[in-house]
1. What tally of residues in the range A:82-121 results from selecting those that are within 28 Å of A:Lys60 (Cβ to Cβ), within 10 Å of chain B (Cβ to nearest Cβ) and not hydroxyl-bearing (Ser, Thr, Tyr)?
2. In this structure, does A:Ile86 turn out to be at pLDDT below 95, in the same structural domain as A:Pro216 (by TED's automatic domain parsing), part of a loop (DSSP other than H, G, I, E, B) and under 24 Å from B:Gly108 (Cα atoms)?
3. Among the residues of the range B:101-123, which ones are over 27 Å from B:Thr36 (Cα atoms) and buried (at least 20 other Cβ atoms within 10 Å of the Cβ)?
4. Check the range B:313-325 and report whether any residue there is closer than 14 Å to B:Gly50 by Cα, surrounded by 22 or more Cβ atoms within 10 Å (Cβ to Cβ), of a type in the set (A, V, I, L, M) and more than 14 Å from the chain's Cα centre (by Cα).
5. So, in the range B:173-194, of the ones that are hydrophobic (A, V, I, L, M, F, W, C) and not in a loop (DSSP other than H, G, I, E, B), which residue ends up farthest from A:Cys155 (Cα to Cα)?
6. Scan the range A:173-192 and tell me whether some residue there is touching a strand residue (DSSP E or B) at 6+ places or on another chain (Cβ under 7 Å), over 26 Å from B:Trp192 (Cα atoms), in contact (Cβ under 8 Å) with a residue 40 or more places away in the chain and not aliphatic (A, V, I, L, M).
Amino acid sequence: MNENRREFIKKTGLGVLAGLGVASGIFPKSSFESAVASTTHEDSASGRRWGMVIDTRKCKDGCTKCIDACHEVHNVPDFDNIKDEIKWIWKSPYGNVFPGESAQFVSEETRERSYLALCNHCDNPPCVRACPTKATFKRDWDGIVAMDYHRCIGCRFCMAACPYGARSFNWRDPRPAIPKRSQAYPTRERGVVEKCNFCSERLAQGLQPACVAACPEGVLTFGDLNDPESEVRLLLEKNHTLQRRAELGTRPSVFYII
Amino acid sequence: MIEKAFNGDRNYWGWIVFLLVIISAGIYSYINQLTTGLTLTGMGRDVSWGVYIAQFTFLVGVAASAVMVVLPYYLHDYKAFGKIVIIGEFLAVTATIMCLLFILVDLGRPDRILNVMLYPTPNSMLFWDATVLTGYLLLNIVSGWTVLGAERKGVQPPKWVKPVIYLSIPWAVSIHTVTAFLYAGLPGRHLWLTAVLAPRFLASAFAAGPAILILVSFILKKTTGFDAGKQAINKLAVIVTYAAIINFFLLGMEFFTAFYSNIPSHMHGLQYLFFGLHGKGQLVPWMRVSMIVGLGSLVVLLIPKLRTSSKWLIMACIGIVVSIWIDKGVGLIIGGFVPSPLEEIVGYMPTLGEVSITFGIWAIGILLLTLLLKIAAAVKTQD
């Protein structure tokens with residue numbers, strides 16, 4: 001390469017660097033820094049972010065009112081076998097819902113209780129990352145991780161990607177197995193994935209999610225995590241809470257008071 | 001050239017009919033699956049991928065392994081591979097078609113498969129996998145067919161085919177890397193969440209693929225008289241040996257990291273596969289067979305005297321293929337789902353229909369390979 005050209009490139013490079021340095025001084029919030037800030041993910045930004053706090057201390061053993069309400073409203077079929085099973089919200093023991101959390105000398109009371117599990121509507125959802133058709137997506141106006149049942153190709157990549165086992169697949173036609181047909185939400189077809197939708201259809205009518213409305217004990221609190229005055233935020237402020245498998249960086253929107 | 005595939009003896013047609021019977025059974029089972037749903041398979045809510053995706057994973061490796069003959073021959077002008085390179089390319093073509101078929105039969109809504117291209121989603125590894133596999137298929141069909149066609153006419157292949165062939169070399173690496181990324185990027189699936197998954201995929205592919213190539217060459221020699229040459233076979237055997245060593249080395253790395261760190265979630269998958277977890281170890285016998293057969297074959301390959309004897313080499317190649325097929329085609333995919341995200345251990349057993357569809361796709365692949373190699377052998381032995 002020509003000596004002059006090499007020199008020219010060197011100087012241009014230095015000039016650009018210097019210019020950037022000056023620019024970053026003049027514009028303190030340059031695009032540079034916002035890019036860095038977004039990777040640390042401290043604030044998920046504008047708009048709503050629906051979330052839920054589950055006070056597991058109040059949850060009664062053997063009660064399935066929230067589960068029944070959800071599954072009835074959403075036409076979730078009941079197949080009565082683990083292979084074809086479809087569930088949006090269910091109860092599991094402590095060690096299953098919180099694998100990796102304190103495994104030794106857990107108090108009997110904590111161990112014996114069962115815990116609600118549902119889609120976490122992650123702020124950083126691995127299922128959305130995995131989906132090859134955008135059939136599952138995060139709504140940027142309220143943070144709900146939603147499904148388009150008409151676009152899903154049934155590859156089940158999202159099921160492999162979900163670290164919470166929150167997704168179910170319609171291995172067979174669900175319609176004959178729906179105990180009582182609800183008009184509030186469409187039924188699904190064979191061959192697509194489904195999961196909890198945070199009752200987006202009820203939220204649109206100004207209603208609370210079906211599980212929250214059905215709970216007689218006040219276990220479930222629903223609200224906007226981005227609103228510091230919301231009931232969920234006040235609960236989070238006052239109580240020590242857990243998110244499921246927080247170490248995976250998915251930033252779940254469902255919190256547990258143990 | 002195609003007419004050469006329709007000119008065979010009794011045995012040839014008998015073989016074709018045999019494959020067609022298996023294919024018909026597979027199609028019948030697939031129609032059942034289409035009308036009733038994937039509930040007819042052994043898959044369920046917890047083990048949501050099974051033999052279909054496992055075969056797909058294994059076969060991507062077979063497809064990628066063509067690079068082990070293409071690279072020495074075209075890049076390093078290694079003349080001894082002159083006759084075998086077309087077998088490698090056609091093997092890649094058939095393996096890739098089988099991969100796409102295995103993805104298709106695994107879909108809940110195969111009628112919507114074009115959604116992958118209609119709504120391209122670059123953040124999904126499956127989008128990239130579909131893209132690179134389709135590209136690889138085209139590259140290999142074009143280069144294999146063009147070069148063979150030129151040979152039939154006794155002329156040099158056209159110049160434009162060289163860049164296509166060169167492109168297929170890194171492309172081969174890409175298909176198996178992206179396939180590993182399908183699994184290696186998922187949080188919470190610890191058996192898969194490892195940086196050596198893609199390297200191990202490549203190592204096992206470059207062992208099993210050339211081993212299949214050696215076996216196919218022996219079959220071709222016996223049935224058509226087309227001889228790939230002793231030197232080529234010996235060189236391939238060395239490639240299989242090195243790749244198998246690297247594969248087992250990387251597997252050892254997995255064991256060290258999981259068990260020395262002693263992190264339960266990292267150990268669970270391997271424990272379930274190789275020793276059983278909480279008293280459940282459905283796949284333990286499979287994995288042990290895979291280890292014993294694989295390491296035994298490796299010992300045979302390491303001894304030059306045995307490696308260069310046809311009989312021992314054939315046995316060792318069968319052993320390596322079986323071992324890696326179990327490892328990738330059974331253990332890795334199913335093991336990734338056990339224990340489940342909720343630490344439950346749910347078993348998986350493929351159903352008869354599922355197995356029939358699987359055999360059907362294998363038969364489609366073998367039929368296609370038979371036809372392609374029949375053409376290739378006819379062209380190569382015409383003079």
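1. Total satisfying the criteria: 14.
2. Judged against the criteria, A:Ile86 is not a match.
3. B:Thr121 - this is the single residue of the range B:101-123 that is over 27 Å from B:Thr36 (Cα atoms) and buried (at least 20 other Cβ atoms within 10 Å of the Cβ).
4. Looking for residues that are closer than 14 Å to B:Gly50 by Cα, surrounded by 22 or more Cβ atoms within 10 Å (Cβ to Cβ), of a type in the set (A, V, I, L, M) and more than 14 Å from the chain's Cα centre (by Cα), one finds none in the range B:313-325, hence no.
5. Within the range B:173-194, the match that is farthest from A:Cys155 (Cα to Cα) is B:Val173.
6. The answer is yes; a qualifying residue exists.
Residues checked against (1) within 19 Å of A:Val192 (Cβ to Cβ); (2) of a type in the set (Asp, Glu):
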{"site": "A:Ser107", "(1), (2)": "no, no"}
{"site": "A:Asn120", "(1), (2)": "no, no"}
{"site": "A:Ala130", "(1), (2)": "yes, no"}
{"site": "A:Asp142", "(1), (2)": "no, yes"}
{"site": "A:Val145", "(1), (2)": "yes, no"}
{"site": "A:Gly154", "(1), (2)": "yes, no"}
{"site": "A:Met159", "(1), (2)": "yes, no"}
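Every residue, every condition in (1) within 18 Å of B:Met287 (Cα to Cα); (2) touching a helix residue (DSSP H, G or I) at 6+ places or on another chain (Cβ under 6 Å); (3) more than 9 Å from chain A (Cβ to nearest Cβ), yes or no:
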| site | (1), (2), (3) |
| --- | --- |
| B:Trp312 | no, yes, yes |
| B:Val322 | yes, yes, yes |
| B:Ile326 | yes, yes, yes |
| B:Gly331 | yes, yes, yes |
| B:Gly335 | yes, yes, yes |
| B:Pro341 | no, no, no |
| B:Glu344 | no, no, no |
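The values are calculated or read from the model by the stated rules, or taken from the named source; none is laboratory data. Keep in mind that this is a model prediction, so the values were computed, not measured. Methodologically, a virtual Cβ is constructed for each residue, glycine included, from the backbone with ideal geometry; neighbour enumeration extends over all protein chains shown.
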